[in-house]
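What follows is a short report on a single structure.
The values are calculated or read from the model by the stated rules, or taken from the named source; none is laboratory data. Quick caveat: nothing in here was measured; it's all calculated off a predicted structure. Note that each Cβ is placed from the backbone with ideal geometry, even for glycine, and that neighbours are counted across all protein chains shown.
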Amino acid sequence: MIALIENQPGNETMAGFFGCDGALHRGCAKEGLEFDIRPQQTAMAEAVEGALSAPAHLAVEAGTGVGKTYAYLVPLVRHALRTREPAAVSTYTISLQEQLVFKDIPFLQRHLGLDFKAALCKGRGNYLCLRRLQRTRRMGGDLFRPSQEAEVERLWAWAHETSDGSLSDLAAQPSVEVWDQVCSEADNCLGRQCADYGRCFLMRARARAFDANLLVLNHHLFFSDLALREESASFLPEFRSMVFDEAHCLEAAATEHLGLRLSQFGVEHMLRRLYVPETNKGLLVRIREGRAANAVSRAWDLTHDFFAAIRKWSALEGREATRLVEKPLAMPVDLAAGLAEIALEVKAIILKTDDPDIKAELTAAERRAGELRDMLGAFLNRALDGHVYWVEREGAARRNFVLNAAPVEVGPALNRLLFGGFRSVVLTSATLSIGGSMGYFRGRVGAEPCGECLVGSPFDYARQMRVVIARDLPMPTEGEAFADAVARALPRFILRTRGRAFVLFTSGDLMRNVASRLEPFFRREGITLFLQGDGLPNRVMLERFRGEGDHVLFGLASFWMGVDVRGEALGNVIIVRLPFSVPDEPVVKARMDLIEAGGGDPFKEYSLPEAVLKFRQGVGRLIRTASDEGIIVILDARVIKRWYGRRFLEALPECPVEIVDCLGSEAVNGGGGNES
């Protein structure tokens, strides 16, 4: 390890590193990059350094433009080297994770003045298993259709070319069925007994991780590994200090991973690996185990009948997608017994086979069948305390029924597992506070005890941004009248910037309704509309939006946050309605009910602060650099006609506000300041 020596570049104070003639300035000069001294960046770096050294937990809100990535990376790397222990940084989005690994960290490795190693950490299922790939090729027609066998051959060729061996290195993604047969899995990994251990992509990645000073994760991998850590089966190296970037997503990530999810497609996926009666394909065909295959056939029938019963019980029709489960369910079909029978039959084969490949595959199948049986029992019996249970339809055709359970509160679990289990946790985002306090956020994620540090943006919003509020649209609760008014109002604001606009919706139905109404307008004006969910992946839509031409993007939740479009491509963000959560969404309803049961006001204590934080995220899409300029348009008149609208206005940066009758022709107030 490197020892820090006085007067060496890596031992500069934070003020020295981020200041004039510091390492950051020198690095930018060498690479021809612009450099601005930002006191806010230094302040954040010093706060993070102090928390890591104490050790203590810290929540840092850093406005857009602060340069928070370097402000936490520099002290985190230095801390890892000083303590001779690895440290970790976790992001919510893949785009930020890739930015860290391929841009920000390499820059610091070139210019920080310290020799440190960083490793990108991915879940096991992202990696190709060479042993399983060879087995799958041998089984060929026993598992797949001809088109899928061709996929296997393409993977075989790629396996001899790739040095990474992970999905992100593949030009064309394989089908789920094929990848499931060739990816790395914990239950069927032979470890050092595997003939391919020396060439194993996963083991190489783990070796890099165990040799690294800095681990780069995402929130999903962190929580998956946290569960394994409790069982002393952690996939990642042990670390005790970490930073969560995009920490405003921490509660959502924890809710997903601390709950339960069992889908019809998931059960069928497990069965398909063993045996498919219609095609007479699967592992059990290859090893000629008729008795076990019969058990799987019965389980196929039970799965169909069970989810048909769930479908009938839920009575979900039309647009309905969820139904709460408020008491234990007694289903007429015993799917759990069918899953238990599979586990027993597979166990019997495991005990008599000598083939290590077959044994490994069957061990994984036995465990998965047992897990599904246990999850099913926990759901039907509502066995998890403090959870909300619901049935959901999903998928394009709404044919996949999913049984869900999620913790109503994640704060207590995070307080114990995260803030009680790690020396220092730093939480950072551009949107953690409401009214200058992070108390709401800290309470939601159990961050106690935890310090706070608010660092404002260096941008000149008064010059760079103007807010336009439409006051004459109907209320969003007026359904078709509101949709009609939005469709009438949007062309005016889109033409104001000649496209270059994000239009942010909270409802897919409303978005598609308005898009349909505006097709003639876009065609007439020669403006290209990108509609989320219309066939293009989000990443491709963004790439095309940034390109030449006049573009408008209609987006939902994923475009309210984590999207970075700089420069001339984006000059207009239109917020169609204030982003309140749907009150009958199961987790939202359960959290509001819990607050009400405790004598609180669920609107003031949950719905409103959640909406304000999401609103701040949406507004933050517009100004990404000191040279960006544009307008924020708000089509929801509640922001000036309801008492709580002021909470949203107070969340805006100081900038001019213009109030208009947008269904008419002229602004009624060209006002300045942040008043309405």
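Brief remarks on what is shown
- Consider region 374-404 and keep the residues that are in contact with a helix residue (DSSP H, G or I) (Cβ under 6 Å, 6 or more places away or on another chain) and crowded, with 20+ Cβ neighbours inside 10 Å. The one that is modelled with the lowest pLDDT is Phe401.
- Considering region 78-104, and only residues there that are of a type in the set (Val, Ile, Thr) and surrounded by fewer than 23 Cβ atoms within 10 Å (Cβ to Cβ), the residue that is nearest to Phe18 (Cα to Cα) turns out to be Val101.
- Total residues in region 621-650 satisfying the condition of being of a type outside the set (A, V, I, L, M), touching a residue at least 12 places away in the same chain (Cβ under 8 Å) and outside any helix (DSSP H, G or I): the figure is 9.
- Test: residue in region 509-516 that is under 20 Å from Leu473 (Cα atoms), of a type in the set (D, E, K, R) and either surrounded by fewer than 20 Cβ atoms within 10 Å (Cβ to Cβ) or modelled with pLDDT under 95 (or both): yes
- Sole exception among (1) surrounded by 15 or more Cβ atoms within 10 Å (Cβ to Cβ); (2) closer than 30 Å to His257 by Cα; (3) hydroxyl-bearing (Ser, Thr, Tyr) for Ser558, by number: (1)
- Test result for Ile631, modelled with pLDDT of 95 or more and closer than 16 Å to Leu570 by Cα: yes
- The condition of being touching a helix residue (DSSP H, G or I) at 6+ places or on another chain (Cβ under 7 Å), more than 25 Å from Leu335 (Cβ to Cβ) and at pLDDT below 95 holds for only one of Arg273, Arg286, that being Arg286.
- Whichever residue in region 518-565 is at pLDDT 90 or above and of a type in the set (Lys, Arg) and, among such residues, is farthest from Leu613 (Cα to Cα): Arg524
- In the set Ala59, Ala47, Ala43, Ala51, only one residue is over 11 Å from Val426 (Cα atoms) and not polar (S, T, N, Q); that residue is Ala43.
- Residue within region 113-122 that is touching a Lys or Arg at 6+ places or on another chain (Cβ under 9 Å) and part of a helix (DSSP H, G or I) present: no
- The listed residue being basic (Lys, Arg), under 27 Å from the mean Cα position of the chain (by Cα) and surrounded by fewer than 20 Cβ atoms within 10 Å (Cβ to Cβ), out of Arg137, Arg124, Arg26, Arg110: Arg124
- Where helices (runs of 4 or more DSSP H) sit wholly within region 503-569, those with at least 2 residues that are within 18 Å of the chain's Cα centre (by Cα) occupy 538-546, 557-560.
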